1. For segment 99-115: of the residues being in contact (Cβ under 8 Å) with a residue 24 or more places away in the chain and surrounded by fewer than 17 Cβ atoms within 10 Å (Cβ to Cβ), which is nearest to A72 (Cα to Cα)?
2. What's the total number of residues in segment 22-58 that are closer than 30 Å to A136 by Cβ and of a type in the set (A, V, I, L, M)?
3. Only one of D125, D59 is under 18 Å from R17 (Cβ atoms) and either in contact (Cβ under 8 Å) with a residue 40 or more places away in the chain or not hydroxyl-bearing (S, T, Y) (or both); which?
4. Would you be able to say whether some residue in segment 130-142 is surrounded by 13 or more Cβ atoms within 10 Å (Cβ to Cβ), farther than 30 Å from P77 by Cα, of a type outside the set (S, T, Y) and at pLDDT below 75?
5. Scan segment 34-51 and tell me whether some residue there is acidic (D, E), surrounded by fewer than 15 Cβ atoms within 10 Å (Cβ to Cβ) and within 15 Å of T120 (Cα to Cα).
Amino acid sequence: MHNFHLQPEGKTLEFKRDLSSPKPLLKTLVAFANTAGGRLIVGVADDRQVLGVANALDDEERLCSLIADGIAPRLVPNVEMITVEGKTLLVVEVFVSGLRPHWLKAEGPEQGVYVRLGSTSRQADQALIDELRRTADGVAFDELPMPELSLDDLDMVAARKLFQGINALDEQALRTLDDRLVALQQARAASGCDLGTLGEWAYFFIGAAVLGLLHTYVTKCGVPAEFFLPERCALPLRRTSCSQALT
């Protein structure tokens, strides 16, 4: 740990001379929290010369205030003082956050999100911000709903073949599933298990194991899989609709 100053700056390590420029410091902490975690060392020059901090206790208090007042959602890193070569340094250790994306309050949630790229902190665009939210929520891109589509975009002929010998599949069956999901959502609302708008989107999921996804959601709420149609069947799009959806 105390040999960190012998290492070059990188994805998870950065040095700051002091707290005279708070914004770059906060950008680094936000980027660490949004990417892979890391350590920020205050009191070390870019050339890795150990300078120390003049007023360790005051600087520690100021640093904690800067973090609390400047970053959202709330970020609570480990902040400690260590002694290297007879000089006191501040070490801020940030872990990858389950609340990401974090952002600078002064810049807002659209412009103030940063990620770590090598030894630099880069502003994230909207696509990357969305990806940070998905990864934090444990949602894969292929599981995303497409609510702009309707039952007409499903290839019912192919879907019926997948369900052949398992369950009769038609538009009414899909709408019944939708009704059950809506009822489940209402029944579970008070329990804190949030299904969001899954009931409304039930037959909009395409290009994924639709019923497998539903099974994943509902088993987290303690609902038996038998409540739904058999689980691992995909509902295919008509090719023309799929092409339109992707353009």
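The values are calculated or read from the model by the stated rules, or taken from the named source; none is laboratory data. The structure presented is a predicted model; accordingly, all values stated were derived computationally and were not measured. Note that we place each Cβ from the backbone using ideal geometry, even for glycine, and neighbour counts take in every protein chain shown.
1. K105
2. Residues that pass the stated criteria total 10.
3. D59
4. No, segment 130-142 has no match at all.
5. Among the residues of segment 34-51, at least one is acidic (D, E), surrounded by fewer than 15 Cβ atoms within 10 Å (Cβ to Cβ) and within 15 Å of T120 (Cα to Cα), which makes the answer yes.
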